[in-house]
Amino acid sequence: MTVRDSLAAHLEFFQEMGVDGMRTEHEWRSRRENVERVLGDESPVSSPEEGAAVEPVQIFSSPAEALSAIRTDLGDCTRCKLHTLGRKQIVFGVGNPAADLMFVGEAPGADEDIQGEPFVGRAGQLLTKIIEAMGLRREDVYIANLIKCRPPQNRNPEPDEMAQCEPFLFRQIDVIKPKVIVALGKFAAQALLRTTDPITRLRGREYQYRDAILMPTYHPAYLLRTPSAKREVWEDMKRVSAILKGK
Ligand code: URA
């Protein structure tokens, strides 16, 4: 068996096991270059004719470990201007790393920025009540935001901030592999669905998203301002519960 065959067999094995992703950062690329150097020209790790470079894979023993690697990659992030605009800390995500249900919000507010946990302020307390009304606990689900740093004065996230930050959310989703994702509000729903449709049009429908069902609904902060919309959100959550129960 050639080195290439053996590498291909390994990669196939990892894929079948559901290994969560590959490392593409600089330090891992240099490791690959080292491998190529060690193997020399006669057994290249990748060849331009095949068009597919073989990246080294990192194997994680649990979703928690894979999430922790994403957090490490995020580091003390300076990828967008929010790090210069008063954020206290990065708010990564909280909950069960293997949750069936994941909630995705917009960005941390003042309380989340202080506590380092998503949805802990007034809107968060309402979200917690909604989760409990579904017969679940906060610890059963996973909660994250599209943007991991607080925008100043809670302004809307800007396109460059979303572009820099959303890959980390996508990686979180790919690790957690929830059955259902609830996108809370316009920004999360539009970013995940790659659409500019308004939330009023997006909510009340189910979308296939990666391997999950995506259910856009109104943001809890909107419910604080518009309590009459709670009824629609509850309809959405009843549907989410039914999907989780396989109905
Ligand atoms: N609003 C959000 O979208 N996310 C939070 O974490 C808090 C408030």
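The values are calculated or read from the model by the stated rules, or taken from the named source; none is laboratory data. Quick caveat: nothing in here was measured; it's all calculated off a predicted structure. Reconstructed Cβ throughout: ideal geometry from the backbone, glycine too, with neighbour counts over all protein chains shown. Ligands, DNA and RNA are stripped out before the accessible areas are found, and what is left, the full protein with its side chains, is counted by its heavy atoms. Shrake-Rupley method; radii C 1.70, N 1.55, O 1.52, S 1.80 Å.
Residues in the stretch 82-96: is at least one open to solvent by less than 10 Å² (accessible area, probe 1.4 Å) and farther than 19 Å from Val182 by Cβ?
Within the stretch 82-96, one or more residues are open to solvent by less than 10 Å² (accessible area, probe 1.4 Å) and farther than 19 Å from Val182 by Cβ.
Spot the failing condition for Ala8; the list is (1) at pLDDT 60 or above; (2) open to solvent by 50 Å² or more (accessible area, probe 1.4 Å); (3) under 30 Å from Leu184 (Cα atoms), and only one is missed.
If we test Ala8 against (1) at pLDDT 60 or above; (2) open to solvent by 50 Å² or more (accessible area, probe 1.4 Å); (3) under 30 Å from Leu184 (Cα atoms), just (3) comes out false.
Residues to consider are Arg171, Arg203; find the one that is closer than 23 Å to Ala123 by Cα and among the basic types (Lys, Arg).
That would be Arg203, the only listed residue that is closer than 23 Å to Ala123 by Cα and among the basic types (Lys, Arg).
Inspect all residues belonging to the stretch 80-103 and state whether any of them is within 16 Å of the ligand (Cβ to nearest atom), closer than 18 Å to Val240 by Cβ, among the β-branched types (Val, Ile, Thr) and not in a loop (DSSP other than H, G, I, E, B).
no
Do we have Ala221 as within 16 Å of the ligand (Cβ to nearest atom) and part of a helix (DSSP H, G or I) here?
Taking the combined requirement at face value, the residue satisfies it.
Checking Leu136 against (1) within 14 Å of the ligand (Cβ to nearest atom); (2) modelled with pLDDT of 95 or more, only one condition comes out false. Which one?
Of (1) within 14 Å of the ligand (Cβ to nearest atom); (2) modelled with pLDDT of 95 or more, only one is false for Leu136: (1).
Residue by residue, here is whether (1) within 11 Å of the ligand (Cβ to nearest atom); (2) touching a residue at least 24 places away in the same chain (Cβ under 8 Å); (3) out of contact with any Ser or Thr (no Cβ under 8 Å at 6 or more places or on another chain) holds:
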site: Glu106; (1), (2), (3): yes, yes, yes
site: Gly121; (1), (2), (3): yes, no, yes
site: Lys129; (1), (2), (3): no, no, yes
site: Asn154; (1), (2), (3): yes, yes, yes
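Considering every residue within the stretch 181-192, establish whether at least one is away from the ligand (no atom under 13 Å from the Cβ), assigned to a helix (DSSP H, G or I), modelled with pLDDT of 95 or more and open to solvent by 30 Å² or more (accessible area, probe 1.4 Å). Steps first, please.
Restricting attention to the stretch 181-192, the residues satisfying the condition of being away from the ligand (no atom under 13 Å from the Cβ) are 181, 190, 192.
Those still in the list that are assigned to a helix (DSSP H, G or I) too: 190, 192.
Going one step further and asking which of them are modelled with pLDDT of 95 or more, we end up with 190, 192.
Next, only the ones that are open to solvent by 30 Å² or more (accessible area, probe 1.4 Å) stay: 190.
Looking for residues that are away from the ligand (no atom under 13 Å from the Cβ), assigned to a helix (DSSP H, G or I), modelled with pLDDT of 95 or more and open to solvent by 30 Å² or more (accessible area, probe 1.4 Å), one finds at least one in the stretch 181-192, hence yes.
Within the stretch 186-244, how many residues turn out to be within 25 Å of Asn156 (Cβ to Cβ) and of a type in the set (Asp, Glu)?
Qualifying residue count for the region: 3.
Mind telling me which of the residues Ile173, Ile143 ends up being more than 18 Å from Arg87 (Cβ to Cβ), buried (at least 22 other Cβ atoms within 10 Å of the Cβ) and within 10 Å of the chain's Cα centre (by Cα)?
Ile143
Within the stretch 223-245, which residues are free of Cβ contacts under 8 Å to residues at least 40 places away in the same chain and touching a Lys or Arg at 6+ places or on another chain (Cβ under 9 Å)?
Across the stretch 223-245, the qualifying residue is only Glu232.
Just need a number here: residues in the stretch 194-218 that are assigned to a helix (DSSP H, G or I) and open to solvent by 40 Å² or more (accessible area, probe 1.4 Å).
Pass one, the stretch 194-218, residues assigned to a helix (DSSP H, G or I): 199-202.
From what is left, the residues that are open to solvent by 40 Å² or more (accessible area, probe 1.4 Å) are 200-201.
Count: 2.
Are any residues in the stretch 108-119 more than 9 Å from the ligand (Cβ to nearest atom) and closer than 18 Å to Gln172 by Cβ, and if so, which ones?
Across the stretch 108-119, the qualifying residue is only Gly116.
Considering only the stretch 108-124, state which residues are open to solvent by 30 Å² or more (accessible area, probe 1.4 Å) and touching a strand residue (DSSP E or B) at 6+ places or on another chain (Cβ under 9 Å). Let's see the steps before the verdict.
In the first step, residues of the stretch 108-124 are kept if they are open to solvent by 30 Å² or more (accessible area, probe 1.4 Å); the result is 110-111, 114-115, 117, 122.
Within the stretch 108-124, Glu117 is the sole residue that qualifies.
I'd like the full set of residues that are in a helix (DSSP H, G or I), in contact (Cβ under 8 Å) with a residue 12 or more places away in the chain and either of a type in the set (A, V, I, L, M) or out of contact with any helix residue (DSSP H, G or I) (no Cβ under 7 Å at 6 or more places or on another chain) (or both), limited to the stretch 132-144.
Taking the stretch 132-144 as the starting set, the residues that turn out to be in a helix (DSSP H, G or I) are 132-133, 138-140.
Imposing the further condition that a residue be in contact (Cβ under 8 Å) with a residue 12 or more places away in the chain reduces the set to 133, 138-140.
Passing the criteria: Ala133, Glu139, Asp140.
Give me the pairs: first residue in the stretch 158-170 and within 14 Å of Ile90 (Cα to Cα) and in contact (Cβ under 8 Å) with a residue 24 or more places away in the chain, second residue part of a helix (DSSP H, G or I) and open to solvent by 20 Å² or more (accessible area, probe 1.4 Å), beta-carbon distance under 8 Å, and six or more apart or on different chains, which are they?
Glu161/Lys81; Phe168/Asp73
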